[in-house]
2 protein chains.
Amino acid sequence: MKNNKKNIAIIGVGSTPFGDLFQYSYDDLVREAASTAMKDAGIDPEELQAAWLSTAFPEIGVFKGRSGMDLAEPLGIFGIPVTRVSNFCASGADAIRNAANALAAGECDVAMALGVEKLRDRSPQDSIVKMMVELSHPFYQKGFTAAGTFAVYANRMMHEYGVSREDIASVSVKNHFHGVMNDKAHYRTKCTIEQVLASPMVADPLTLMDSCPTTDGAACVIMVRAEDVDNSKHKPVYIDGIGLSISTGWDLPFFDSGHKFLSFQATRDAAAMAYRQAGITRPMEEIDLVEVHDCFSIVELLTYEDLGFCRTGEAKDLIRGKVTQLGGELPVNVSGGLLSCGHPVGATGVRMVVEVATHLRGQAGVRQVKDAKRGLTHNIGGPGAIASVIILNNEN
Amino acid sequence: MKNNKKNIAIIGVGSTPFGDLFQYSYDDLVREAASTAMKDAGIDPEELQAAWLSTAFPEIGVFKGRSGMDLAEPLGIFGIPVTRVSNFCASGADAIRNAANALAAGECDVAMALGVEKLRDRSPQDSIVKMMVELSHPFYQKGFTAAGTFAVYANRMMHEYGVSREDIASVSVKNHFHGVMNDKAHYRTKCTIEQVLASPMVADPLTLMDSCPTTDGAACVIMVRAEDVDNSKHKPVYIDGIGLSISTGWDLPFFDSGHKFLSFQATRDAAAMAYRQAGITRPMEEIDLVEVHDCFSIVELLTYEDLGFCRTGEAKDLIRGKVTQLGGELPVNVSGGLLSCGHPVGATGVRMVVEVATHLRGQAGVRQVKDAKRGLTHNIGGPGAIASVIILNNEN
């Protein structure tokens, strides 16, 4: 494989607020994220030559996002290819990946990747539909939820590596501390370990405050080949590497795949791809900030190890030492993470890239990671099966 | 835009039978199409470096195909990126397009594009779910069906261009005549104009026999860069051009978009892209066989004009003159088309590429188009809004 992806630049970023956005339609979300990113890039809609839409769950929310039409129509960008990709929680990263490939291939010169999900608008009928869909699914079984799956990992981490219940809760405390500084986050309230532990149980040991909310939101990036960056107009960031991997299948006992429920092979494989492309061998030293997929607090701890920021079993030391808090050696989820920002599934991966790019451009305001030169985003979905890693750099 | 796509070769093709395949699961369909294509290419699953899955409607059928996991798991291809794309009837072509971009970008050296759809397995619950989904959709309205939409075009063609009801039916007669020769087609029975006209009305003037069936099936192609073709092992075909466009939005009166209901702008735009890449200026002379998206008979007639095989209003002359029948100057849908093969939505675009590649390799048996050197595939979906055109060549 020849491509190291360094030839691709992000020249514009934008996102909506994330939250219970009953005042926004799906189309409104698309328009606000896209117009913000296009304005940031200094381009008009007519200059777009191709676009990728990421929406993961049209059938859960407002039944939008089943094709590229739902990006083309609200923006009025007709006469160009618009692809919809869906890959559970890695959908947004995969939209960016396919856009990067098209640019590198020379199919287009200016590309958009936009992630959007509207999960909070559920009519009574929709809820009934969803329930019926789940109950009629041949693989449906009680407890087969994201929370239930990740709770198994939490218990194993506690049992095998001496991770305490408080260590897990500390991830939520840290990320909510960060989220207060993000005016686009769904939740902007500090919390304590005691509050996390005392909140309602979801899947033992994970409580409500170990869990990200479901959320509405959209995020967008505009991309070109690095050779086409106009430095007088843009403050670009460059893509150093993109990894995406489906590595394991569902991490559930009935697949009997030998999993120990202490690591996500998909994350390790995606990181290996991205690190190879970016030439990274010492991630802790060579990366300045990270957004990881903290859909549940425990996932952030697991991911420290899977991304190689520490050795196996040592994730607890990073959270105890405040290494991953703003001001620490490797700030993780200074946006507030999914725990604060919420998780509009198709949008999350793009939102993370917007966040990291904003830091690499030195424009992150009160939560700016000082001297950030290289950042990483991570997603994991299909509980444990699909992971993406993107590495961004403010130098080429 | 720099890329003319001639750098991409298809080195393996495969498909399942198309039909009411109650004996196949979704995974069975994936495995049969993929293993046939990999065997044809002479590669093992471990040699795949990336894959694209096209399934358009997971929520209508068996709830499979929402992510790349549903391609990775049945094949056991873990540790590589697998993307699911969905773009209504252009999904299959778009999977091929994104795979071609990844190869041209150098992200991978061996790629798979596989389309699969299982539409015939609907439990009673699924039917209720589907009905509730449709009824709860904010845009649901009576008559807003594919048949209803294309029927408007049929009436306009008859009114404006002197197309007769028999001309429209002749498309179905021709394609069913071809379908008899295709042992993978859903329907393999000749029919007459009188039978088409006498079959039950679906949306005036289109009858049941003007309409393609819903169908189960899968098709797969294996792709590499042209420089990596091993001519001792492969009988490759090359991609001359790929166009995909969302051009118009829903072609329905309430969008008041000035449509005359006589042409699909999306097809015209996608064809213009593909022709430019392939250097085609006289499509009728330069193309030897075509698979067009005859979801309803009328669509084939409209598409003759949109693809530039005749002038506006002259499609009827091609069908009357048997120009597009096997043995004619430009055989169209010698596979039997969607009308005979059926329409497993995510699979159809890939099935067409398999068909054209088989002719370009001289392996199409009794329905072989003689001396076929260059072929075209066409899809249109989201009734009228999304179109794809792929041009294949047996020389590089």
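On inspection, residue B:324 does not qualify as in a loop (DSSP other than H, G, I, E, B), out of contact with any strand residue (DSSP E or B) (no Cβ under 8 Å at 6 or more places or on another chain) and either at pLDDT 95 or above or farther than 18 Å from residue B:376 by Cβ (or both). Here residue A:129 meets each of (1) at pLDDT below 95; (2) within 28 Å of residue B:272 (Cβ to Cβ); (3) in contact with a helix residue (DSSP H, G or I) (Cβ under 6 Å, 6 or more places away or on another chain) with one exception, condition (2). Does residue A:375 qualify as being within 12 Å of the chain's Cα centre (by Cα), closer than 20 Å to residue A:178 by Cβ and not charged (D, E, K, R)? The answer is no for residue A:375.
So that you can scan it fast, the table gives a plain yes or no per residue for (1) assigned to a helix (DSSP H, G or I); (2) touching a Cys at 6+ places or on another chain (Cβ under 8 Å):
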| residue | (1), (2) |
| --- | --- |
| B:349 | yes, yes |
| B:353 | yes, no |
| B:363 | no, no |
| B:366 | yes, no |
| B:370 | no, no |
| B:377 | no, no |
| B:383 | no, no |
| B:391 | no, no |
| B:395 | no, no |
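Within segment B:26-33, one or more residues are in contact with a Pro (Cβ under 7 Å, 6 or more places away or on another chain), under 30 Å from residue A:89 (Cβ atoms) and crowded, with 22+ Cβ neighbours inside 10 Å. For segment A:32-60, residues that are more than 29 Å from residue B:64 (Cβ to Cβ) and in a loop (DSSP other than H, G, I, E, B) total 5. Please enumerate the residues belonging to segment A:324-346 that are under 17 Å from residue A:172 (Cβ atoms), out of contact with any Pro (no Cβ under 9 Å at 6 or more places or on another chain) and surrounded by fewer than 22 Cβ atoms within 10 Å (Cβ to Cβ). Of everything in segment A:324-346, those that are under 17 Å from residue A:172 (Cβ atoms), out of contact with any Pro (no Cβ under 9 Å at 6 or more places or on another chain) and surrounded by fewer than 22 Cβ atoms within 10 Å (Cβ to Cβ) turn out to be A:326, A:328. Exactly one residue among A:298, A:280 is touching a strand residue (DSSP E or B) at 6+ places or on another chain (Cβ under 9 Å) and part of a loop (DSSP other than H, G, I, E, B), and that residue is A:280.
Taken over segment B:172-186, the criterion of being touching a Gly at 6+ places or on another chain (Cβ under 8 Å) and crowded, with 22+ Cβ neighbours inside 10 Å is satisfied by B:175, B:176, B:178, B:179, B:182, B:185, B:186. Counting residues in segment B:27-44 that are within 13 Å of chain A (Cβ to nearest Cβ) and under 22 Å from the mean Cα position of the chain (by Cα) gives one or more. Within this structure, residue A:302 fails the test of being under 24 Å from residue A:349 (Cβ atoms), surrounded by 22 or more Cβ atoms within 10 Å (Cβ to Cβ), at pLDDT 95 or above and in contact with a Gly (Cβ under 8 Å, 6 or more places away or on another chain). In summary, residue B:57 fulfils each of the numbered conditions (1) more than 9 Å from chain A (Cβ to nearest Cβ); (2) touching a residue at least 40 places away in the same chain (Cβ under 8 Å); (3) surrounded by fewer than 24 Cβ atoms within 10 Å (Cβ to Cβ) with the single exception of condition (1).
Of all residues in segment A:153-167, those that are farther than 12 Å from residue A:317 by Cα have Cβ atoms under 9 Å from Cβ atoms of residues that are of a type in the set (Ser, Thr, Tyr), 6 or more apart or on another chain, in A:153/A:263; A:154/A:297; A:158/A:164. Here the condition is being in a strand (DSSP E or B) and closer than 20 Å to residue B:284 by Cα; of B:357, B:387, it holds for B:387 alone. Do you know which residues across segment A:80-102 are of a type in the set (A, V, I, L, M, F, W, C), buried (at least 24 other Cβ atoms within 10 Å of the Cβ) and either touching a helix residue (DSSP H, G or I) at 6+ places or on another chain (Cβ under 8 Å) or facing another protein chain (nearest Cβ under 7 Å) (or both)? Within segment A:80-102, A:82, A:85, A:88, A:89, A:90, A:93, A:95, A:96, A:100, A:102 meet the criteria.
Each row is one residue, and each column tells you yes or no for (1) in contact (Cβ under 8 Å) with a residue 60 or more places away in the chain; (2) of a type outside the set (Gly, Ala, Ser); (3) out of contact with any Asp or Glu (no Cβ under 7 Å at 6 or more places or on another chain).
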residue: A:302; (1), (2), (3): yes, yes, yes
residue: A:320; (1), (2), (3): yes, yes, no
residue: A:328; (1), (2), (3): no, no, yes
residue: A:333; (1), (2), (3): yes, yes, no
residue: A:338; (1), (2), (3): yes, yes, no
residue: A:348; (1), (2), (3): yes, yes, yes
residue: A:352; (1), (2), (3): yes, yes, no
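May I ask you to verify whether residue A:313 is in contact (Cβ under 8 Å) with a residue 40 or more places away in the chain, under 16 Å from the mean Cα position of the chain (by Cα) and at positive phi? When the stated conditions are applied, residue A:313 does not pass them. Among the residues of segment A:199-240, those identified as among the acidic types (Asp, Glu) and under 30 Å from residue A:41 (Cβ atoms) are A:216, A:227, A:228, A:230, A:240.
Taking every residue in segment A:278-290 that is within 11 Å of residue A:360 (Cα to Cα) and pairing it with any residue that is surrounded by fewer than 20 Cβ atoms within 10 Å (Cβ to Cβ) and of a type in the set (Asp, Glu), at least 6 positions away or on another chain, the pairs with Cβ-Cβ distances below 9 Å are A:288/A:371.
One residue is enough: does segment B:201-214 have a residue meeting the conditions of a type outside the set (Ser, Thr, Tyr), touching a Gly at 6+ places or on another chain (Cβ under 8 Å) and either surrounded by fewer than 21 Cβ atoms within 10 Å (Cβ to Cβ) or not in a loop (DSSP other than H, G, I, E, B) (or both)? Taking every residue of segment B:201-214 in turn, at least one turns out to be of a type outside the set (Ser, Thr, Tyr), touching a Gly at 6+ places or on another chain (Cβ under 8 Å) and either surrounded by fewer than 21 Cβ atoms within 10 Å (Cβ to Cβ) or not in a loop (DSSP other than H, G, I, E, B) (or both). Residue count for segment A:61-110, restricted to those that are of a type outside the set (Lys, Arg), in contact with a strand residue (DSSP E or B) (Cβ under 7 Å, 6 or more places away or on another chain) and not in a loop (DSSP other than H, G, I, E, B): 24.
The values are calculated or read from the model by the stated rules, or taken from the named source; none is laboratory data. Since the model is a prediction, treat every value here as computed from it, not as a measurement. Note: ideal-geometry Cβ built from the backbone for every residue, glycine included; neighbour counts use all protein chains shown.
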